[in-house]
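Contents: one structure, followed by commentary.
The values are calculated or read from the model by the stated rules, or taken from the named source; none is laboratory data. Everything quoted here is computed from the prediction, not taken from an experiment. All Cβ positions, glycine included, derive from the backbone under ideal geometry; neighbour counts span all protein chains shown.
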Amino acid sequence: MIRLKVIYDNEAKPGFTGGWGFSALLETEAETLLFDTGWDGTLLLENLEKMGVSLPDVRKLVLSHQHWDHIGGLPEVLKANPGLTVYVPSSFSKNLKAEIAKRAKLVEIGEAQQISPGIRSTGELGDKIKEQSLLLDTGKGLYVLTGCAHPGLAEILGAARRFGKVRGIIGGLHDSKEFGELEGLELIAAGHCTTHKEEIKELYPAEFVEIGAGLCLELE
């Protein structure tokens, strides 16, 4: 089982605070990882504390793409956890990679590769906006975790299906209208930058879950 906690999102569950951006925490039997940081590091740390998460317990940080609303909390995260390993798409700016490398172990992602037991990067996808997503393998299928899904659902899900059956997708789906790509999924948890939430919900009412900071999902 992989436990996924939404730490940062535009929307928020009672007791949590929302803000433009996205971040999720992944807890496995092996370790705890953070995916993206939202834009406000102080808010990120507050929501982590409300979730009962101590940032020094997080071993790895994966950044989906170099947009402010996904990396803005990076300075606070690196300050709180200087022993972190940070995975970034190879296309990140040279200067940003150099700054991260001063404070953490930097790993550049080009091709698909394993990040942790049961967790794999799709590799860097897309043309105009380069982005990596994560594949969460529960042993019974894959769940795809996206930042904004800029490369498009067809490319992301196509890359994911090379590694097994995709059961669900979680994260920002941006302005994609590739609704047919979602057919057959058991879970469609959409949030952050997803423009067409209502259309997706109408097409897939039983599978749709709206994301908000404070949401916890147990993926089995």
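Of note:
- In this structure, LYS197 qualifies as within 20 Å of TYR8 (Cβ to Cβ) and either at pLDDT 95 or above or in contact with a Phe, Trp or Tyr (Cβ under 8 Å, 6 or more places away or on another chain) (or both).
- Being closer than 23 Å to GLU124 by Cα and touching a Phe, Trp or Tyr at 6+ places or on another chain (Cβ under 7 Å) is a property that GLY214 lacks.
- Selection count where residues are basic (Lys, Arg) and exposed (fewer than 15 other Cβ atoms within 10 Å of the Cβ), scope segment 90-105: 3
- Test: residue in segment 36-47 that is in a helix (DSSP H, G or I) and under 15 Å from the mean Cα position of the chain (by Cα): yes
Residue-wise test of (1) loosely packed, with under 15 Cβ neighbours inside 10 Å; (2) under 22 Å from THR194 (Cα atoms); (3) of a type in the set (Gly, Ala, Ser); (4) out of contact with any His (no Cβ under 6 Å at 6 or more places or on another chain).
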site: ILE2; (1), (2), (3), (4): no, no, no, yes
site: PHE16; (1), (2), (3), (4): no, yes, no, yes
site: PHE35; (1), (2), (3), (4): no, yes, no, yes
site: SER54; (1), (2), (3), (4): yes, no, yes, yes
site: LEU63; (1), (2), (3), (4): no, yes, no, yes
site: PRO75; (1), (2), (3), (4): yes, no, no, yes
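- Residues in segment 127-140 that are free of Cβ contacts under 8 Å to residues at least 40 places away in the same chain and over 16 Å from the mean Cα position of the chain (by Cα): 3 in all.
- Check on GLU108, over 13 Å from the mean Cα position of the chain (by Cα), among the charged types (D, E, K, R), farther than 22 Å from SER90 by Cβ and surrounded by fewer than 19 Cβ atoms within 10 Å (Cβ to Cβ): no
- Checked against (1) in contact with a His (Cβ under 9 Å, 6 or more places away or on another chain); (2) modelled with pLDDT under 95, ASN81 passes all but a single condition, namely (1).
- Restricting GLY212, GLY172, GLY147, GLY191 to residues that are under 21 Å from TRP68 (Cα atoms) and in contact with a Cys (Cβ under 8 Å, 6 or more places away or on another chain) narrows the list to GLY172.
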